[in-house]
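Enquirer: Pasting a structure here, questions to come.
The values are calculated or read from the model by the stated rules, or taken from the named source; none is laboratory data. This one's a predicted model, so the numbers in the text were calculated from it and none came from an experiment. With ideal geometry, Cβ positions are generated from the backbone for all residues, glycine too; neighbour counts draw on all protein chains shown.
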Amino acid sequence: MDVRQLEYFLAVVDHGGFNRASRALFIAQPSLSQAIRSLEKDLGGPLFHRIGRRAVLTEEGHALIEPAREAVRSLDAARASVEAVRGLRTGRVVITSMPSPAVEPLSSMAETFAARHPGVGLTVRAAAVPQAVVDAVRTGASELGLLSARELPVAAGVRLHPVERQRFVVLAPPGGPFEPGTALPRERLAGQRLIVGEPGTGIHRLTEEIRASGVDLTIAVESGHREAVLPLVLKGVGIAVVAEAWRPLAARAGAVVLDLDPPAFLHLALVSRSGPLTPATAAFLSLALAADAPDRCYL
């Protein structure tokens, strides 16, 4: 067994099959298949059920994921530590983020980090709900995560680093039901058509809380694509309640942006693995949590 075989195994898992994994790895599929067969022979059991063109993990395959990620992480950490002796000039930080935090504060964190370490790359992966972010860090798919939630989750096996809280705002189309103003009472949402995120998101949960308080709302669109919310609002399909990370972009696009009254907030946190971090990831986390980071509404 060698680490290359484990990297190939994880590529099949992460990309959902041999075809996509071979393309991502830039190797021929027969070479990938042979490497996996050699790994299976060394371990003494099948890692995948081959069903047509599909590859479904066996119980042995599921059991290998976490140790394989740990082995690959250890090698990455060893390489990065050697590089760190010469200064943090190369490397890559992999972070899984929910959509709204990816707009802000992640963009500001990336700006600060890139200015300090221009040779280090950043890979941002998407997750729709907080648990998906935690799972990505816990399983080793990412070293860092960035999540937002009405209440921060209790998560075993990872560390949560509170970053800030963001207020919810209402987006409405220009010339629509609301004029620009200081704040919008929740009861004035009665009768409106709302565009919301998928269940499990803070936005969806707040919408349900407002409905439960007696405000008559209609969910016009439930979208798992957060980037579609603002265009839908601008086209007059409905209004939306979103995190204030979207405020500057929405205002520049011409939407009416109003604070919600009484206010409601999302709590944001970075998530890191419990074990040692690679030097690049440790540097990113340190800068992101630094006291001189851009102004935020800290918890």
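Enquirer: Which residues, counting only those in region 178-213, are in contact with a strand residue (DSSP E or B) (Cβ under 9 Å, 6 or more places away or on another chain) and either on the phi > 0 side of the Ramachandran plot or not assigned by TED's automatic domain parsing to the domain that holds ALA250 (or both)?
Expert: Passing the criteria: only GLY191.
Enquirer: Does HIS267 satisfy being under 16 Å from MET98 (Cβ atoms) and modelled with pLDDT under 90?
Expert: Values: under 16 Å from MET98 (Cβ atoms): yes; modelled with pLDDT under 90: no.
Spelling it out, it is not the case that HIS267 is under 16 Å from MET98 (Cβ atoms) and modelled with pLDDT under 90.
Enquirer: Next question, about the same structure. Give me a count of the residues in region 37-58 that are surrounded by fewer than 14 Cβ atoms within 10 Å (Cβ to Cβ) and in contact with a strand residue (DSSP E or B) (Cβ under 6 Å, 6 or more places away or on another chain).
Expert: Count: 2.
Yes or no, residue by residue, for (1) among the hydrophobic types (A, V, I, L, M, F, W, C); (2) without any contact (Cβ under 8 Å) to a residue 40 or more places away in the chain; (3) not assigned by TED's automatic domain parsing to the domain that holds LEU64:
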{"position": "LEU10", "(1), (2), (3)": "yes, no, no"}
{"position": "ASP14", "(1), (2), (3)": "no, no, no"}
{"position": "ASN19", "(1), (2), (3)": "no, yes, no"}
{"position": "ILE27", "(1), (2), (3)": "yes, yes, no"}
{"position": "PRO30", "(1), (2), (3)": "no, yes, no"}
{"position": "SER38", "(1), (2), (3)": "no, yes, no"}
{"position": "LEU47", "(1), (2), (3)": "yes, yes, no"}
{"position": "ILE51", "(1), (2), (3)": "yes, yes, no"}
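Enquirer: For region 139-169, name all the residues that are in contact with an Asp or Glu (Cβ under 8 Å, 6 or more places away or on another chain) and in a strand (DSSP E or B). Give the derivation first.
Expert: Keep residues of region 139-169 that are in contact with an Asp or Glu (Cβ under 8 Å, 6 or more places away or on another chain), which gives 139-141, 166-169.
Passing the criteria: GLN166, ARG167, PHE168, VAL169.
Enquirer: For region 146-164, give me each residue that is touching a residue at least 60 places away in the same chain (Cβ under 8 Å) and more than 22 Å from GLU104 (Cβ to Cβ). Explain how you work it out, then say what you get.
Expert: Kept after step one, since they are touching a residue at least 60 places away in the same chain (Cβ under 8 Å), are these residues of region 146-164: 146-152, 155, 157-164.
Selection gives ALA155, GLY157, VAL158, ARG159.
Enquirer: Going through region 187-202 one residue at a time, which ones are under 24 Å from PRO101 (Cβ atoms) and surrounded by 13 or more Cβ atoms within 10 Å (Cβ to Cβ)? First the steps, then the outcome.
Expert: Step one: of region 187-202, the residues under 24 Å from PRO101 (Cβ atoms) are 194-202.
Residues satisfying the conditions are LEU194, ILE195, VAL196, GLY197, GLU198, GLY200, THR201, GLY202.
Enquirer: Looking at region 24-54 only, could you name the residues that are modelled with pLDDT under 85 and within 21 Å of ALA141 (Cβ to Cβ)?
Expert: If the condition is that a residue be modelled with pLDDT under 85 and within 21 Å of ALA141 (Cβ to Cβ), then ALA24, LEU25, PHE26, ARG54 are the ones that fit.
Enquirer: Checking the structure you have, find out if any residue of region 32-55 is hydroxyl-bearing (Ser, Thr, Tyr) and within 25 Å of the chain's Cα centre (by Cα).
Expert: In the first step, residues of region 32-55 are kept if they are hydroxyl-bearing (Ser, Thr, Tyr); the result is 33, 38.
Imposing the further condition that a residue be within 25 Å of the chain's Cα centre (by Cα) reduces the set to none.
For region 32-55, residues hydroxyl-bearing (Ser, Thr, Tyr) and within 25 Å of the chain's Cα centre (by Cα): absent.
Enquirer: Charged (D, E, K, R), touching a helix residue (DSSP H, G or I) at 6+ places or on another chain (Cβ under 6 Å) and touching a residue at least 40 places away in the same chain (Cβ under 8 Å): is that true of ARG116 in this structure? Lay out the reasoning, then the answer.
Expert: Numbers: charged (D, E, K, R): yes; touching a helix residue (DSSP H, G or I) at 6+ places or on another chain (Cβ under 6 Å): no; touching a residue at least 40 places away in the same chain (Cβ under 8 Å): yes.
Judged against the criteria, ARG116 is not a match.
Enquirer: State which residue is modelled with the highest pLDDT when the search covers only region 149-207 and only residues that are acidic (Asp, Glu) and farther than 21 Å from LEU270 by Cα.
Expert: Filtering region 149-207 for residues acidic (Asp, Glu) gives 151, 164, 179, 187, 198.
Pick out the ones that are also farther than 21 Å from LEU270 by Cα and you get 179, 187, 198.
Numbers: GLU179: 87, GLU187: 94, GLU198: 82.
Once the filter is applied, the top-ranked residue is GLU187.
Enquirer: Considering each of ALA245, ALA283 in turn, give the residue that is outside the structural domain of VAL158 (by TED's automatic domain parsing) and either touching a Ser or Thr at 6+ places or on another chain (Cβ under 8 Å) or modelled with pLDDT under 95 (or both). Steps first, please.
Expert: Numbers: ALA283 fails: outside the structural domain of VAL158 (by TED's automatic domain parsing).
The match here is ALA245.
Enquirer: Here is a follow-up. Please verify whether region 224-233 includes one or more residues that are touching a residue at least 60 places away in the same chain (Cβ under 8 Å) and part of a loop (DSSP other than H, G, I, E, B). Steps first, please.
Expert: Keep residues of region 224-233 that are touching a residue at least 60 places away in the same chain (Cβ under 8 Å), which gives 224, 226-227, 233.
Right, trim to part of a loop (DSSP other than H, G, I, E, B) and you get 224.
Scanning region 224-233, I find at least one residue that is touching a residue at least 60 places away in the same chain (Cβ under 8 Å) and part of a loop (DSSP other than H, G, I, E, B), so the answer is yes.
Enquirer: Please find, among VAL241, VAL215, VAL237, the residue that is crowded, with 21+ Cβ neighbours inside 10 Å and either in a loop (DSSP other than H, G, I, E, B) or out of contact with any Cys (no Cβ under 6 Å at 6 or more places or on another chain) (or both).
Expert: Details: VAL215 fails: crowded, with 21+ Cβ neighbours inside 10 Å; VAL237 fails: crowded, with 21+ Cβ neighbours inside 10 Å.
Matching residue, one of VAL241, VAL215, VAL237: VAL241.
Enquirer: For VAL241, which of the numbered conditions (1) under 28 Å from HIS161 (Cβ atoms); (2) in contact with a Gly (Cβ under 7 Å, 6 or more places away or on another chain); (3) not aromatic (Phe, Trp, Tyr) fails to hold?
Expert: The one condition VAL241 does not meet is (2).
Enquirer: Another question, if that's okay. Could you figure out which of (1) surrounded by fewer than 23 Cβ atoms within 10 Å (Cβ to Cβ); (2) at negative phi isn't true of GLY175?
Expert: (2)
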